[in-house]
Every structure is written in C-alpha cells, then in structure tokens.
Amino acid sequence: MRETKRDQPWLFRTYSGHSSAKASNELYRTNLARGQTGLSVAFDLPTQTGYDADHPLARGEVGKVGVPVSHLGDMLTLFDGLPLDRMNTSMTINATAPWLLALYVAAAEKQGIPRAALAGTVQNDIVKEYLSRGTYIFPPVPSMKLVTDVIAFTYREIPKWNPTNVCSYHLQEAGATPEQELAYALATAIAVLDAVRSSGQVPETDFPQVVGRISFFVNAGIRFITELCKMRAFTELWDEIARDRYGVEDPKLRRFRYGVQVNSLGLTEQQPENNVYRILLEMLAVVLSKNARARAVQLPAWNEALGLPRPWDQQWSLRLQQIVAYETDLLEYEDIFEGSVEIARKVAALKEGAKAELARIDAMGGAVAAVESGYMKRKLVESNARRLAAIESGEQIVVGVNRYTESAPSPLTAGEGGFLKVDESAEQDQIENLKTWRAQRDKKAAQAALAALKAAAAEGRNVMEPSIACAHAGVTTGEWGQALREVFGEYRAPTGVARAVAGGDAARLEEIRARVESVSARLGRRIKMLVGKPGLDGHSNGAEQVAVRARDAGMEVVYEGIRLTPAQIANAALEEGVHIVGLSILSGSHVPLVSEVLERMRKLGLGQVPVVIGGIIPAEDERRLIAAGVARVYTPKDYDLNAIMGDIVDLVDRSWQEAA
C-alpha cells in the first residue's frame, strides 16, 4: 500500500510574555518543550510605546500585557539558553520595531551568531496602530520612514527575516467587515511598498525580493466559511497587486504569506468554556484550505476574557493545534474547496467589495492620507457600532450572552479564578533592574550612541545601524524613544468619534434621550461626560463606542483619545465641569490607575463626581475598585450599551440630588 504523503504543518505559536524577561524565558522554554515550534513575543506597553519602566506613564503597566524589555540585558535574559540561529521568533512590535530588532540583533551578536542566520518577524505595521491598537508614537510620515528603514536593512542583512507583518488582526477587533479588513490591510501594504520604492534605499532590481518578504497577520472570526473565503480573496488580490502594480514576475515572490491569531473579540466572559469551541471553529478557516493555509497559527486561550492565560491554558490551545495537524487527515489532501461554485461566488463578492474600498482609499491619496483625514478610523467605529447594536438587539446571537444564558457553574473558573495574576512586585523589580543597568554602563558611550542616532534620524539616514550601536552601548528603550521623539515629535491620531454614524435600538435610545433631557433640565445644563483612557492601553474600541452612544443619547461628551495620565484626566474633569467620568482600561493596570484618578479628583474637590470603569476586570479587583469609590464596574459581559447609558443617567441624577 502506497504511503500517503502529508504536507508539513504550519508553525505552532503561542503569543506570550509577562512580568519579567526571566519569567518569560521560563515560559518560552516550557512551551517549546510541549511542542511549540515558533516563538511569538508579547511586549508590555511601556516597551511598545518607547518608555522606560520608571516613566510616569508606565505606572501600573509594567509586565502586564507582555514582557518588559528595557535594554540589551533584558533581551539576553529573555532568550537565555535559546539559540537564536535555530529559532523562528515573531515579535509583535510596531512603533519601536527598529529598536527591538536592534536589541535582538545585538543579542545574537553577543551569542556569536551572524545576522544572516536569524529568522523571524517584526510586525512593524504602524498604520493599524493609528486605527485600532494605539501603540503609535510619531506622526505617520516619519513612522513610515522607520518602517522603510527596517525593510531596507533586513533584506540586505537578515534575508530570512520578515520585516513587516501587515496586520489586519486588530482591524477586525476594531469592528472591520471582511471587505474592510481586506482593503485596509492591502492599502497598508501598498503604502509600505510605495514608501520603500520611493526611498531610494532599495535598487529597482532588488525590489521583487522586498515584495516577497512582506508578510501578513490576519484575524479569523466565528463565521468561518466567510473567513475561509476572505483568506482565498487575500491570496488572489495580493497576487494581482504584486504582479500588476509592482511587476513581480516570480510567482513565489507573489505568495500571500500569513500568520494568524483567531478572534479574541468574540471570546466571552459568560460561560467561558464555550470559547474552546469558538477557537477551534475559527482555526478551521485558516487551515482547511490548502491554497490559502496559514504559515503560522497562534490561538488565544479560552479564558482571555477573564484575564491573562496560565501556562496550562496555553498548553490547551497548543494541543488543539497539534490534534488538528497530527491526528486528522487534513494535511493529506490538495485544496478541498477548489472547484466549489459557492466558495468561488463568495470570494468574488469579497474581492469586489474590497476593490471598491481600495479605490476610495487610493483616491484620497492612499492609506496614510486616509489615516490623517480620519476616514478609516471613522468607518471602523461605525462598523463596530453596527456589530454591537446587532448583539444588543439579538439579531446576532452569541451563545451564553444574549441567548441560552442559563448555565451550571463552570468548574474551570473555580478556585484560583481561572487566570494568571501578575506579581505586583514585578514593576518595582523592573525599575530596580533598570537603575542598576544605568549605573553600571558606560554613560559616555551611551550618550555618544544616542547622539549618533539622533543625527541619523534628523538627516534622513537609515536608523538601524545606529540603533544596534545604541543597543551595544547600553541605551534603554525610553532613551531610544525620547531621542526620536525629539527629532520627529509625537502624534495624536483622530478618534473617529465625532462624525461616526452609530446604530442601536432606536426606541430604547429615545427613552434614554428623554431621561437625559429631564435630568439635564434639573441640572440647568446638559449632562456632560468625560471618557478617558489612562495609562498606555491603546485598545480604544470600547471607549469609542461608549462615547458615540453617550453622544447619541443626548449627552455632551469629552473624549480626547488614548494615553492620558491620571493627572490629565482629573484636570480635564475640573476644567470641563463634567458630571461623570468614564474610564476604559484593558491592560490590567486598572487598580493603580483608577485609584490615582480618584485620589486626584478628590484633591481637586471633585469627590462627588461619579467615576465608572470598563475593562477586563476580575471580581476581586472589582471589589477593590468599588471600595475605593468607583460607582460602577463594567466588564465584557455588559454588552448592552443602552443599559449602561441608563446607569450613567441614574448615577448623575443621584449624585446631583445628594449634592443639593
């Protein structure tokens, strides 16, 4: 009997990192021992936004959503015992991608490994940071220059490296439809390649090689037939763009190479055990179709709507991948959807919608212009509003949330709570580590390296070699970020809220509007709400939807976007004369940041102004926040925005009556 030939499986990855470089290294070793075949590094928010652990904006954020990497010593600890010439490392890093890549190269050089031996990926997609994830630093034009620098450096020095991983994942998390996800990601890739070509850093004869190193990172939601068709549409559209726009003749260099993390937005706090089935179904969209199969897959854990996953939770997701790859016969067949009329029809429809949206963006001047004008952000806010309205109304069924809500208690969340808790001492430990590092390095060498970096940036030269020199000289993440802030300045992206057209139950919204009018009349002016995002968390989707719904309910809304200090929020509450403050934090830093906001408001005489908060907040932390003075805590289970608006009106009314 002839043995059936099996395809090689995709890379198995787990997106991970927390607390410290040492703790994360231990986690990586554990996951690799359990069969993980590639690393996917999650960095904490100070690292992602170019701050050191002791910066005021880093308070409460260190080690929460990823590993803190402040300097070369941290990078060496992170990969201690892991030979970098045999690793395939993906780093989810964007605004500071040149710096983290520089640290990685410097760490390899310390191990005696040549640059050309390295393989991996930096995400390095700044456009979607302006639209959804929020870890941008600089304005779009210099940011695109940094993206270009990484690409021009890697294709020469690290030819096996993927220098840009155009990321549609967070677009879907921000509400993008499949057509928008296709169009916005492809528009970003076009903007990047156009910038590289016009930079003069890559000879025209080498440009096809650069096109061939562009990779993508996508999302796969629960509507897995549509998602499968979306992936087939991606492969066909990218092939057309590479051939027709960039003249790439080699079919291998036109391949749509992508990794995936399946959808986290749809994971529910209620009945979280159901998330296991959601994750499996979403994974099928990116592995069933051989012609559009992912090169690397990382799956979220079942409990990510509750908090950080534990090693066992990550193992469960890894085992799911291994069972599909090794126990089923999936990898023994050619593409099982080739020739399907229904699949071809859906792919054609998605391509048509994406091309129409691409044409609109191109008419505006491309992706960067569509970011600066606020167009793409506004369209995402509107799409997300429609998605939430469909869940609120029951039109979009979510099992355990708006249908079939009766449930026996889950044993998975008993005992310790079902998720990982970051050691509260991790932040102070990192700060002490940073102080020691600064004291022991050659200060003059670090200053000289920073001066050379600033000169290169100011003169428009490639910053990668100066950044690697900074890494070897002991420069810190915050110092690298500050040096380039001084050259390029900082940026605040459009929020997309002001002009967004929202959805929602019109009848219920009218009832709330009437209550807003009634309470406003008693107050003598319209209810005014401040929506704020303290700290470095840039995931603004929830804050945007609250701001839009409050506006549509008749309230006056103050929303200035992401990355505010508690002092800025408290001062804004005073200056704007608001009746209520709503805070949104999804990074796990809610206790210290909210506590500071409350303390500062009391010192300003605003103790009577109610404060509400939304985020991924465990029950224990909810009790702490309520005891500290928070009026309401909303978590992912609170999906009914109109009910939240009703709460807010009641809180304002009650606080006014108590103060009268």
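Please pick out the residue among T92, T96, T154, T188 that is buried (at least 24 other Cβ atoms within 10 Å of the Cβ), of a type in the set (S, T, Y) and in contact with an Asp or Glu (Cβ under 7 Å, 6 or more places away or on another chain).
Details: T92 fails: in contact with an Asp or Glu (Cβ under 7 Å, 6 or more places away or on another chain); T96 fails: in contact with an Asp or Glu (Cβ under 7 Å, 6 or more places away or on another chain); T154 fails: in contact with an Asp or Glu (Cβ under 7 Å, 6 or more places away or on another chain).
From the options T92, T96, T154, T188, the qualifying one is T188.
Out of curiosity, is F207 over 27 Å from A469 (Cβ atoms) and either aromatic (F, W, Y) or surrounded by fewer than 21 Cβ atoms within 10 Å (Cβ to Cβ) (or both)? I'd like the intermediate steps shown before the answer.
Values: over 27 Å from A469 (Cβ atoms): yes; either aromatic (F, W, Y) or surrounded by fewer than 21 Cβ atoms within 10 Å (Cβ to Cβ) (or both): yes.
Considered against the rule, which asks whether it is over 27 Å from A469 (Cβ atoms) and either aromatic (F, W, Y) or surrounded by fewer than 21 Cβ atoms within 10 Å (Cβ to Cβ) (or both), F207 comes out as yes.
Step by step: first the residues of the stretch 480-527, then only those that are among the β-branched types (V, I, T) and part of a loop (DSSP other than H, G, I, E, B), then the one that is modelled with the highest pLDDT. Which residue is that?
Taking the stretch 480-527 and keeping what is among the β-branched types (V, I, T), we get 487, 495, 497, 501, 512, 516, 519, 527.
Narrowing further to those that are part of a loop (DSSP other than H, G, I, E, B): 495, 497, 501, 527.
Numbers: T495: 78, V497: 75, V501: 60, I527: 96.
The extreme case among them is I527.
Consider T30 carefully, then state whether it is on the phi < 0 side of the Ramachandran plot and open to solvent by 10 Å² or more (accessible area, probe 1.4 Å). Talk me through it step by step, then tell me what you get.
On the way: on the phi < 0 side of the Ramachandran plot: yes; open to solvent by 10 Å² or more (accessible area, probe 1.4 Å): yes.
Considered against the rule, which asks whether it is on the phi < 0 side of the Ramachandran plot and open to solvent by 10 Å² or more (accessible area, probe 1.4 Å), T30 comes out as yes.
For the condition over 30 Å from F138 (Cβ atoms) and open to solvent by less than 60 Å² (accessible area, probe 1.4 Å), what is the one hit in L388, L358, L380? Spell out the reasoning first.
On the way: L358 fails: over 30 Å from F138 (Cβ atoms); L380 fails: over 30 Å from F138 (Cβ atoms).
Sole residue among the options that is over 30 Å from F138 (Cβ atoms) and open to solvent by less than 60 Å² (accessible area, probe 1.4 Å): L388.
Looking only at helices (runs of 4 or more DSSP H) that fall completely inside the stretch 162-274, which ones have 2 or more residues that are touching a residue at least 24 places away in the same chain (Cβ under 8 Å) and of a type in the set (D, E)? Give the steps one after another, and end with the answer.
On the way: elements: 169-173, 178-199, 207-213, 224-244.
Hits in the stretch 162-274: 178-199, 224-244.
Which residue out of R602, R525 is of a type outside the set (D, E), under 18 Å from I626 (Cα atoms) and surrounded by fewer than 17 Cβ atoms within 10 Å (Cβ to Cβ)? Before the answer, list the steps.
Values: R525 fails: under 18 Å from I626 (Cα atoms).
Testing whether each residue is of a type outside the set (D, E), under 18 Å from I626 (Cα atoms) and surrounded by fewer than 17 Cβ atoms within 10 Å (Cβ to Cβ) leaves just R602.
Looking at W312, W316, can you tell me which residue is open to solvent by 30 Å² or more (accessible area, probe 1.4 Å), in contact (Cβ under 8 Å) with a residue 24 or more places away in the chain and not polar (S, T, N, Q)?
On the way: W312 fails: in contact (Cβ under 8 Å) with a residue 24 or more places away in the chain.
The match here is W316.
Looking at (1) farther than 21 Å from N541 by Cβ; (2) surrounded by fewer than 23 Cβ atoms within 10 Å (Cβ to Cβ); (3) out of contact with any Ser or Thr (no Cβ under 8 Å at 6 or more places or on another chain), can you tell me which one E179 breaks?
(1)
What's the number of the condition T148 fails, among (1) assigned to a helix (DSSP H, G or I); (2) touching a Cys at 6+ places or on another chain (Cβ under 9 Å)?
Condition not satisfied by T148: (2).
Looking at (1) more than 22 Å from D44 (Cα to Cα); (2) in contact (Cβ under 8 Å) with a residue 40 or more places away in the chain; (3) of a type outside the set (G, A, S), which is the one condition that is false for T565?
Unmet condition: (1).
May I ask you to list the residues in the stretch 48-107 that are modelled with pLDDT of 95 or more and small (G, A, S)?
G50, A53, S70, G73, A95, A97, A102, A106, A107
What do you reckon, is E327 acidic (D, E), closer than 30 Å to D640 by Cβ and open to solvent by 30 Å² or more (accessible area, probe 1.4 Å)?
Working: acidic (D, E): yes; closer than 30 Å to D640 by Cβ: no; open to solvent by 30 Å² or more (accessible area, probe 1.4 Å): yes.
Considered against the rule, which asks whether it is acidic (D, E), closer than 30 Å to D640 by Cβ and open to solvent by 30 Å² or more (accessible area, probe 1.4 Å), E327 comes out as no.
Can you tell me which residue within the stretch 35-90, out of those that are part of a helix (DSSP H, G or I) and within 16 Å of the chain's Cα centre (by Cα), is nearest to A449 (Cα to Cα)?
Here is the first cut: in the stretch 35-90, the residues part of a helix (DSSP H, G or I) are 45-48, 56-58, 72-78, 84-86.
If we keep only those that are within 16 Å of the chain's Cα centre (by Cα) as well, we get 45-48.
Numbers: L45: 25, P46: 22, T47: 20, Q48: 21 Å.
Result: T47.
Based on this model, can you work out whether I613 counts as touching a Pro at 6+ places or on another chain (Cβ under 7 Å) and closer than 29 Å to R133 by Cβ?
no
Residues of the stretch 431-447 being open to solvent by 60 Å² or more (accessible area, probe 1.4 Å) and either in contact (Cβ under 8 Å) with a residue 24 or more places away in the chain or more than 29 Å from the chain's Cα centre (by Cα) (or both), which ones?
Across the stretch 431-447, the qualifying residues are N433, K435, T436, W437, R438, A439, Q440, D442, K443, K444, Q447.
List pairs: first in the stretch 613-639 and closer than 21 Å to E544 by Cβ and free of Cβ contacts under 8 Å to residues at least 40 places away in the same chain, second in a helix (DSSP H, G or I) and open to solvent by 60 Å² or more (accessible area, probe 1.4 Å), Cβ under 7 Å, 6+ apart or cross-chain?
Once the first residue is closer than 21 Å to E544 by Cβ and free of Cβ contacts under 8 Å to residues at least 40 places away in the same chain and sits in the stretch 613-639, its partners that are in a helix (DSSP H, G or I) and open to solvent by 60 Å² or more (accessible area, probe 1.4 Å) give V633/I626.
The values are calculated or read from the model by the stated rules, or taken from the named source; none is laboratory data. Keep in mind that what you see is a predicted model, and the values were worked out from it rather than measured. With ideal geometry, Cβ positions are generated from the backbone for all residues, glycine too; neighbour counts draw on all protein chains shown. When the accessible area is computed, the model is the full protein with side chains, heavy atoms only, and any ligands, DNA or RNA have been set aside. Shrake-Rupley method; radii C 1.70, N 1.55, O 1.52, S 1.80 Å.
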